[in-house]
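Q: Right, I'll just put the structure down here and ask away after.
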Amino acid sequence: MTFFRCLLLLSLVTFSAVVHAQDRASARALFDEGRALMRAGDYDSACRKLEASRDIVAGVGILFNLAECYEHLGRTASAWNLYRDVAAQLAEGGDRDRERVARDRADALEPKLSRVRIEAPEGIDGLVVRRDGSEVPASHYQQALPVDPGTHVFEAGAPGHSDWRREVEIAGGKQSIVRVELAKTSTTKPAPATTKPKAVARKQRPIPPLPPELQPRDEAHTARIVGWVFTIGGAAFTAVGFALYGAGSNQLSESNDRCGGDRSTCNDAEAVALGSDGLELQRAGLPIGIAGASALVAGIATLAIYAEDKKTEVSVSALPGGASLRLSW
(Lines give C-alpha, C1' and ligand atoms only; values in the text may rest on other atoms or scores of the structure.)
Protein backbone atom coordinates (compact mmCIF):
# COMPACT_ATOMS: atom_id res chain seq x y z
CA MET A 1 0.00 0.00 0.00
CA THR A 2 2.93 2.35 0.67
CA PHE A 3 4.02 1.92 -2.95
CA PHE A 4 0.59 2.99 -4.22
CA ARG A 5 0.50 5.95 -1.86
CA CYS A 6 3.84 7.12 -3.23
CA LEU A 7 2.54 6.77 -6.77
CA LEU A 8 -0.61 8.72 -5.90
CA LEU A 9 1.42 11.51 -4.26
CA LEU A 10 3.70 11.74 -7.28
CA SER A 11 0.70 11.95 -9.63
CA LEU A 12 -0.86 14.77 -7.60
CA VAL A 13 2.40 16.76 -7.54
CA THR A 14 2.92 16.26 -11.26
CA PHE A 15 -0.66 17.21 -12.15
CA SER A 16 -0.47 20.35 -9.98
CA ALA A 17 2.76 21.44 -11.67
CA VAL A 18 1.31 20.94 -15.15
CA VAL A 19 -1.86 22.89 -14.31
CA HIS A 20 0.26 25.72 -12.88
CA ALA A 21 2.36 25.88 -16.04
CA GLN A 22 -0.75 25.92 -18.23
CA ASP A 23 -2.18 28.75 -16.13
CA ARG A 24 1.02 30.76 -16.58
CA ALA A 25 0.88 30.22 -20.34
CA SER A 26 -2.72 31.48 -20.43
CA ALA A 27 -1.79 34.48 -18.30
CA ARG A 28 1.12 35.28 -20.61
CA ALA A 29 -1.12 35.15 -23.71
CA LEU A 30 -3.66 37.51 -22.11
CA PHE A 31 -0.85 39.83 -21.00
CA ASP A 32 0.57 40.03 -24.53
CA GLU A 33 -2.90 40.80 -25.93
CA GLY A 34 -3.39 43.50 -23.31
CA ARG A 35 -0.05 45.12 -24.10
CA ALA A 36 -0.86 45.13 -27.81
CA LEU A 37 -4.22 46.81 -27.13
CA MET A 38 -2.51 49.43 -24.97
CA ARG A 39 -0.12 50.25 -27.79
CA ALA A 40 -3.16 50.62 -30.06
CA GLY A 41 -4.81 53.02 -27.58
CA ASP A 42 -7.75 50.70 -26.75
CA TYR A 43 -7.37 50.95 -22.98
CA ASP A 44 -10.84 49.62 -22.11
CA SER A 45 -10.18 46.31 -23.85
CA ALA A 46 -6.56 46.29 -22.69
CA CYS A 47 -7.54 46.58 -19.03
CA ARG A 48 -10.00 43.71 -19.35
CA LYS A 49 -7.29 41.47 -20.82
CA LEU A 50 -4.80 42.45 -18.13
CA GLU A 51 -7.40 41.89 -15.41
CA ALA A 52 -8.04 38.38 -16.75
CA SER A 53 -4.27 37.75 -16.76
CA ARG A 54 -3.97 39.04 -13.19
CA ASP A 55 -6.78 36.77 -12.03
CA ILE A 56 -4.68 33.79 -13.15
CA VAL A 57 -1.20 34.91 -12.07
CA ALA A 58 -0.75 38.18 -10.16
CA GLY A 59 2.87 38.83 -11.19
CA VAL A 60 4.46 42.26 -10.70
CA GLY A 61 4.80 42.79 -14.45
CA ILE A 62 1.09 42.20 -14.97
CA LEU A 63 0.13 44.41 -12.02
CA PHE A 64 2.39 47.27 -13.14
CA ASN A 65 0.96 47.27 -16.66
CA LEU A 66 -2.60 47.05 -15.30
CA ALA A 67 -1.89 50.07 -13.08
CA GLU A 68 -0.61 51.98 -16.10
CA CYS A 69 -3.75 50.99 -18.04
CA TYR A 70 -5.99 52.20 -15.19
CA GLU A 71 -4.07 55.46 -15.14
CA HIS A 72 -4.86 56.03 -18.83
CA LEU A 73 -8.56 55.44 -18.10
CA GLY A 74 -8.55 58.00 -15.28
CA ARG A 75 -9.05 55.34 -12.59
CA THR A 76 -6.52 57.07 -10.38
CA ALA A 77 -7.28 55.29 -7.09
CA SER A 78 -7.09 51.83 -8.68
CA ALA A 79 -3.80 52.73 -10.38
CA TRP A 80 -2.40 54.25 -7.18
CA ASN A 81 -3.24 51.12 -5.15
CA LEU A 82 -1.66 48.81 -7.73
CA TYR A 83 1.54 50.86 -8.00
CA ARG A 84 1.87 50.67 -4.21
CA ASP A 85 1.28 46.90 -4.24
CA VAL A 86 3.92 46.45 -6.94
CA ALA A 87 6.41 48.60 -5.01
CA ALA A 88 5.83 46.53 -1.86
CA GLN A 89 6.37 43.23 -3.71
CA LEU A 90 9.53 44.50 -5.37
CA ALA A 91 10.84 45.76 -2.03
CA GLU A 92 10.37 42.28 -0.55
CA GLY A 93 12.35 40.83 -3.46
CA GLY A 94 15.16 43.37 -3.10
CA ASP A 95 14.59 44.94 -6.53
CA ARG A 96 15.20 48.54 -5.45
CA ASP A 97 15.42 50.09 -8.92
CA ARG A 98 12.05 48.83 -10.12
CA GLU A 99 10.55 49.50 -6.68
CA ARG A 100 11.55 53.15 -7.03
CA VAL A 101 9.85 53.39 -10.43
CA ALA A 102 6.56 51.99 -9.07
CA ARG A 103 6.69 54.17 -5.96
CA ASP A 104 7.39 57.30 -8.03
CA ARG A 105 4.32 56.54 -10.15
CA ALA A 106 2.19 56.20 -7.00
CA ASP A 107 3.56 59.41 -5.50
CA ALA A 108 2.82 61.31 -8.72
CA LEU A 109 -0.83 60.17 -8.62
CA GLU A 110 -1.50 60.88 -4.95
CA PRO A 111 -2.25 64.65 -5.34
CA LYS A 112 -4.76 63.80 -8.09
CA LEU A 113 -6.77 61.30 -6.04
CA SER A 114 -10.50 61.66 -5.45
CA ARG A 115 -11.57 60.82 -1.91
CA VAL A 116 -14.83 60.02 -0.16
CA ARG A 117 -15.68 60.11 3.55
CA ILE A 118 -18.57 58.01 4.79
CA GLU A 119 -20.35 59.48 7.82
CA ALA A 120 -22.35 56.64 9.35
CA PRO A 121 -24.59 56.93 12.43
CA GLU A 122 -23.27 55.46 15.66
CA GLY A 123 -25.02 53.08 18.03
CA ILE A 124 -26.86 51.03 15.39
CA ASP A 125 -26.29 47.30 15.88
CA GLY A 126 -25.76 45.28 12.72
CA LEU A 127 -25.14 48.31 10.50
CA VAL A 128 -23.71 47.35 7.11
CA VAL A 129 -22.58 49.92 4.54
CA ARG A 130 -21.70 48.93 1.00
CA ARG A 131 -19.99 50.85 -1.79
CA ASP A 132 -20.60 49.50 -5.30
CA GLY A 133 -21.76 46.21 -3.80
CA SER A 134 -18.71 45.67 -1.55
CA GLU A 135 -18.99 46.00 2.22
CA VAL A 136 -17.11 48.93 3.74
CA PRO A 137 -15.37 47.99 7.02
CA ALA A 138 -16.54 49.99 10.04
CA SER A 139 -12.95 51.13 10.58
CA HIS A 140 -13.18 53.04 7.28
CA TYR A 141 -16.08 55.21 8.45
CA GLN A 142 -15.17 58.89 8.92
CA GLN A 143 -12.00 58.34 6.85
CA ALA A 144 -11.20 60.15 3.58
CA LEU A 145 -10.50 57.12 1.38
CA PRO A 146 -9.27 57.21 -2.25
CA VAL A 147 -11.84 56.21 -4.90
CA ASP A 148 -11.93 56.34 -8.67
CA PRO A 149 -13.76 59.35 -10.13
CA GLY A 150 -17.27 58.69 -11.44
CA THR A 151 -20.62 57.50 -10.17
CA HIS A 152 -20.63 55.27 -7.08
CA VAL A 153 -23.57 53.55 -5.40
CA PHE A 154 -23.72 53.57 -1.60
CA GLU A 155 -26.15 51.33 0.30
CA ALA A 156 -26.78 50.72 4.00
CA GLY A 157 -29.02 48.59 6.15
CA ALA A 158 -29.51 47.40 9.72
CA PRO A 159 -32.06 45.29 11.63
CA GLY A 160 -35.10 47.36 12.51
CA HIS A 161 -34.26 50.08 9.99
CA SER A 162 -35.33 50.77 6.42
CA ASP A 163 -32.79 50.27 3.64
CA TRP A 164 -30.89 53.32 2.38
CA ARG A 165 -29.35 53.91 -1.08
CA ARG A 166 -27.62 56.85 -2.79
CA GLU A 167 -25.83 57.39 -6.09
CA VAL A 168 -22.99 59.88 -5.72
CA GLU A 169 -20.92 61.48 -8.46
CA ILE A 170 -17.30 61.77 -7.32
CA ALA A 171 -15.33 64.48 -9.12
CA GLY A 172 -11.68 64.02 -10.06
CA GLY A 173 -9.24 65.27 -7.45
CA LYS A 174 -12.03 66.30 -5.05
CA GLN A 175 -13.24 65.08 -1.65
CA SER A 176 -16.89 64.14 -1.15
CA ILE A 177 -18.88 63.36 1.98
CA VAL A 178 -21.58 60.67 2.05
CA ARG A 179 -23.94 60.78 5.03
CA VAL A 180 -25.78 57.55 5.79
CA GLU A 181 -29.30 58.17 7.11
CA LEU A 182 -31.37 55.24 8.35
CA ALA A 183 -34.98 55.45 9.55
CA LYS A 184 -36.41 53.03 12.09
CA THR A 185 -39.19 50.74 10.95
CA SER A 186 -42.23 49.67 12.94
CA THR A 187 -41.84 46.42 14.84
CA THR A 188 -43.81 43.46 13.60
CA LYS A 189 -44.90 40.35 15.47
CA PRO A 190 -42.85 37.28 14.67
CA ALA A 191 -44.53 34.58 12.68
CA PRO A 192 -45.88 31.71 14.77
CA ALA A 193 -43.55 28.80 15.05
CA THR A 194 -44.52 25.68 13.17
CA THR A 195 -44.07 22.23 14.60
CA LYS A 196 -42.31 19.73 12.46
CA PRO A 197 -43.86 16.27 12.16
CA LYS A 198 -41.97 13.57 13.95
CA ALA A 199 -39.86 11.39 11.76
CA VAL A 200 -41.11 7.85 11.44
CA ALA A 201 -38.41 5.29 11.98
CA ARG A 202 -38.09 2.91 9.09
CA LYS A 203 -36.77 -0.56 9.22
CA GLN A 204 -33.43 -0.81 7.46
CA ARG A 205 -33.25 -3.39 4.70
CA PRO A 206 -30.12 -5.53 4.53
CA ILE A 207 -27.70 -4.50 1.79
CA PRO A 208 -27.39 -7.27 -0.80
CA PRO A 209 -23.88 -8.46 -1.72
CA LEU A 210 -22.25 -7.13 -4.89
CA PRO A 211 -22.58 -9.29 -8.01
CA PRO A 212 -19.37 -11.03 -9.12
CA GLU A 213 -18.72 -8.56 -11.97
CA LEU A 214 -18.69 -5.67 -9.47
CA GLN A 215 -16.50 -7.32 -6.85
CA PRO A 216 -13.15 -5.57 -6.19
CA ARG A 217 -10.34 -6.66 -8.52
CA ASP A 218 -7.12 -8.09 -7.15
CA GLU A 219 -4.13 -5.87 -6.31
CA ALA A 220 -2.21 -6.84 -9.44
CA HIS A 221 -5.04 -5.69 -11.71
CA THR A 222 -5.24 -2.35 -9.88
CA ALA A 223 -1.46 -2.00 -10.08
CA ARG A 224 -1.52 -2.52 -13.85
CA ILE A 225 -4.15 0.22 -14.24
CA VAL A 226 -2.02 2.57 -12.13
CA GLY A 227 1.02 1.60 -14.19
CA TRP A 228 -0.69 2.50 -17.46
CA VAL A 229 -1.90 5.80 -16.04
CA PHE A 230 1.59 6.74 -14.88
CA THR A 231 3.25 5.59 -18.08
CA ILE A 232 0.95 7.53 -20.41
CA GLY A 233 0.56 10.52 -18.10
CA GLY A 234 4.28 10.61 -17.34
CA ALA A 235 5.17 10.65 -21.03
CA ALA A 236 2.72 13.51 -21.62
CA PHE A 237 3.95 15.53 -18.65
CA THR A 238 7.57 14.99 -19.67
CA ALA A 239 6.81 16.40 -23.12
CA VAL A 240 4.90 19.36 -21.66
CA GLY A 241 7.61 20.12 -19.09
CA PHE A 242 10.49 20.20 -21.50
CA ALA A 243 8.41 22.08 -24.08
CA LEU A 244 7.81 24.79 -21.47
CA TYR A 245 11.51 24.79 -20.61
CA GLY A 246 12.38 25.22 -24.28
CA ALA A 247 9.86 28.05 -24.68
CA GLY A 248 11.34 29.77 -21.64
CA SER A 249 14.84 29.42 -23.06
CA ASN A 250 13.72 31.03 -26.32
CA GLN A 251 12.11 33.96 -24.46
CA LEU A 252 15.19 34.43 -22.31
CA SER A 253 17.44 34.36 -25.37
CA GLU A 254 15.26 36.95 -27.12
CA SER A 255 15.30 39.13 -24.00
CA ASN A 256 19.08 38.97 -23.78
CA ASP A 257 19.42 39.85 -27.48
CA ARG A 258 17.16 42.90 -27.07
CA CYS A 259 18.96 43.98 -23.89
CA GLY A 260 22.47 43.43 -25.20
CA GLY A 261 23.07 40.57 -22.78
CA ASP A 262 22.54 42.64 -19.61
CA ARG A 263 18.93 42.79 -18.42
CA SER A 264 19.83 44.52 -15.14
CA THR A 265 20.54 47.79 -16.97
CA CYS A 266 18.08 47.31 -19.81
CA ASN A 267 15.65 50.16 -20.55
CA ASP A 268 13.30 47.99 -22.61
CA ALA A 269 10.56 47.12 -20.09
CA GLU A 270 8.95 44.56 -22.42
CA ALA A 271 12.29 42.81 -22.95
CA VAL A 272 12.91 42.66 -19.20
CA ALA A 273 9.40 41.27 -18.60
CA LEU A 274 9.95 38.76 -21.41
CA GLY A 275 13.15 37.57 -19.77
CA SER A 276 11.50 37.29 -16.35
CA ASP A 277 8.66 35.25 -17.85
CA GLY A 278 11.21 33.07 -19.65
CA LEU A 279 12.97 32.29 -16.38
CA GLU A 280 9.63 31.46 -14.76
CA LEU A 281 8.74 29.13 -17.63
CA GLN A 282 12.09 27.41 -17.20
CA ARG A 283 11.58 27.07 -13.46
CA ALA A 284 8.11 25.62 -14.05
CA GLY A 285 9.02 23.41 -16.99
CA LEU A 286 12.08 21.69 -15.49
CA PRO A 287 10.35 20.19 -12.42
CA ILE A 288 7.37 19.22 -14.58
CA GLY A 289 9.69 17.38 -16.97
CA ILE A 290 11.55 15.68 -14.13
CA ALA A 291 8.31 14.74 -12.37
CA GLY A 292 6.88 13.43 -15.63
CA ALA A 293 9.99 11.34 -16.28
CA SER A 294 9.79 9.98 -12.72
CA ALA A 295 6.14 9.06 -13.25
CA LEU A 296 7.04 7.42 -16.57
CA VAL A 297 9.75 5.29 -14.93
CA ALA A 298 7.41 4.40 -12.05
CA GLY A 299 4.70 3.38 -14.49
CA ILE A 300 7.03 1.19 -16.57
CA ALA A 301 8.37 -0.44 -13.41
CA THR A 302 4.84 -1.12 -12.15
CA LEU A 303 3.81 -2.71 -15.45
CA ALA A 304 6.90 -4.90 -15.38
CA ILE A 305 6.45 -5.99 -11.75
CA TYR A 306 2.71 -6.73 -11.96
CA ALA A 307 2.61 -8.23 -15.45
CA GLU A 308 0.02 -10.95 -16.03
CA ASP A 309 2.72 -13.30 -17.31
CA LYS A 310 6.47 -13.36 -17.70
CA LYS A 311 6.38 -12.54 -21.41
CA THR A 312 5.95 -8.83 -20.73
CA GLU A 313 8.49 -6.71 -22.59
CA VAL A 314 9.15 -3.09 -21.61
CA SER A 315 11.86 -1.14 -23.42
CA VAL A 316 12.89 2.45 -24.03
CA SER A 317 15.20 3.10 -26.96
CA ALA A 318 16.74 6.24 -28.42
CA LEU A 319 15.95 7.17 -32.02
CA PRO A 320 17.24 10.00 -34.24
CA GLY A 321 15.38 13.14 -33.13
CA GLY A 322 13.53 11.54 -30.21
CA ALA A 323 12.88 8.40 -28.21
CA SER A 324 10.71 5.27 -28.50
CA LEU A 325 8.70 3.60 -25.73
CA ARG A 326 7.68 -0.01 -26.42
CA LEU A 327 5.30 -1.96 -24.20
CA SER A 328 3.99 -5.41 -25.03
CA TRP A 329 2.77 -8.53 -23.28
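Q: Looking only at the range 94-110, count every residue that is of a type outside the set (D, E, K, R), in a helix (DSSP H, G or I) and exposed (fewer than 14 other Cβ atoms within 10 Å of the Cβ) and tell me the total.
A: 1
Let's see how each residue does on (1) without any contact (Cβ under 8 Å) to a residue 12 or more places away in the chain; (2) buried (at least 20 other Cβ atoms within 10 Å of the Cβ); (3) touching an Asp or Glu at 6+ places or on another chain (Cβ under 8 Å); (4) under 30 Å from GLN175 (Cα atoms):
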{"site": "ALA58", "(1), (2), (3), (4)": "yes, no, no, no"}
{"site": "ASN65", "(1), (2), (3), (4)": "no, yes, no, yes"}
{"site": "THR76", "(1), (2), (3), (4)": "no, yes, yes, yes"}
{"site": "TYR83", "(1), (2), (3), (4)": "no, yes, no, yes"}
{"site": "GLN89", "(1), (2), (3), (4)": "no, no, no, yes"}
{"site": "GLU92", "(1), (2), (3), (4)": "yes, no, no, no"}
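Q: Continuing with the same structure: Quick one: how many residues across the range 55-93 are among the hydrophobic types (A, V, I, L, M, F, W, C), part of a helix (DSSP H, G or I) and out of contact with any helix residue (DSSP H, G or I) (no Cβ under 6 Å at 6 or more places or on another chain)?
A: Qualifying residue count, the range 55-93: 2.
Q: Right, another one. Looking at the range 247-265 only, could you name the residues that are surrounded by fewer than 17 Cβ atoms within 10 Å (Cβ to Cβ) and closer than 22 Å to ARG24 by Cβ?
A: If the condition is that a residue be surrounded by fewer than 17 Cβ atoms within 10 Å (Cβ to Cβ) and closer than 22 Å to ARG24 by Cβ, then SER249, ASN250, SER253, GLU254, ARG258 are the ones that fit.
Q: Also, I was wondering about something else. Going by what's in this entry, would GLY261 be described as at pLDDT below 80, in the same structural domain as THR238 (by TED's automatic domain parsing) and closer than 25 Å to GLU68 by Cβ?
A: no
Q: Being among the small types (Gly, Ala, Ser), in contact (Cβ under 8 Å) with a residue 60 or more places away in the chain and within 22 Å of GLY285 (Cα to Cα) is the requirement here; does GLY233 meet it?
A: It is true that GLY233 is among the small types (Gly, Ala, Ser), in contact (Cβ under 8 Å) with a residue 60 or more places away in the chain and within 22 Å of GLY285 (Cα to Cα).
Q: Taking the conditions exactly as written (under 22 Å from ARG84 (Cα atoms) and β-branched (Val, Ile, Thr)), does VAL116 satisfy them or not?
A: yes
Q: Please list, ordered by first then second residue, the pairs with beta carbon atoms under 7 Å, 6 or more apart or interchain, first in the range 23-42 and hydroxyl-bearing (Ser, Thr, Tyr) and surrounded by fewer than 18 Cβ atoms within 10 Å (Cβ to Cβ), second modelled with pLDDT under 95 and in a helix (DSSP H, G or I).
A: Short answer, once both residue conditions are applied: SER26/ILE56.
Q: Only one residue in SER186, SER176 is surrounded by 10 or more Cβ atoms within 10 Å (Cβ to Cβ) and either among the polar types (S, T, N, Q) or modelled with pLDDT under 90 (or both). Which one?
A: The match here is SER176.
Q: Right, another one. Would you be able to tell me the number of residues in the range 250-292 that are farther than 22 Å from LEU63 by Cβ and among the hydrophobic types (A, V, I, L, M, F, W, C)?
A: 4
Q: Conditions: (1) touching a Gly at 6+ places or on another chain (Cβ under 8 Å); (2) among the small types (Gly, Ala, Ser); (3) within 21 Å of LEU66 (Cα to Cα). ALA88 meets all but one. Number of the miss?
A: The single condition ALA88 does not satisfy is (1).
Q: Residues GLU99, GLU119, GLU71, GLU51: which one is among the charged types (D, E, K, R) and touching a strand residue (DSSP E or B) at 6+ places or on another chain (Cβ under 8 Å)?
A: GLU119
Q: Output the residue which, of all residues in the range 121-130 that are surrounded by fewer than 20 Cβ atoms within 10 Å (Cβ to Cβ) and aliphatic (A, V, I, L, M), is farthest from the chain's Cα centre (by Cα).
A: Filtering the range 121-130 for residues that are surrounded by fewer than 20 Cβ atoms within 10 Å (Cβ to Cβ) and aliphatic (A, V, I, L, M), the one farthest from the chain's Cα centre (by Cα) comes out as ILE124.
Q: Quick one: what pairs do we get from the range 279-307, first residue assigned by TED's automatic domain parsing to the domain that holds ASN256, second assigned to a loop (DSSP other than H, G, I, E, B), C-beta under 9 Å, 6+ apart or different chains?
A: Correct list of pairs: GLU280/VAL57; GLU280/GLY59; LEU303/THR312; LEU303/TRP329; ALA304/THR312; ALA307/TRP329.
Q: Here is a further query. Can you tell me which residues in the range 255-265 are within 29 Å of the chain's Cα centre (by Cα) and closer than 23 Å to MET38 by Cβ?
A: Result: SER255, ARG263.
Q: Just for the range 143-165: of the residues that are surrounded by 13 or more Cβ atoms within 10 Å (Cβ to Cβ), of a type outside the set (A, V, I, L, M) and within 12 Å of ILE118 (Cα to Cα), which one is nearest to the chain's Cα centre (by Cα)?
A: Ranking the qualifying residues of the range 143-165, first place goes to PRO146.
The values are calculated or read from the model by the stated rules, or taken from the named source; none is laboratory data. The model shown is predicted, which means the values in this text are computed figures rather than measured ones. Ideal geometry is used to build each Cβ from the backbone, glycine not excepted, and the neighbour counts take in all protein chains shown.
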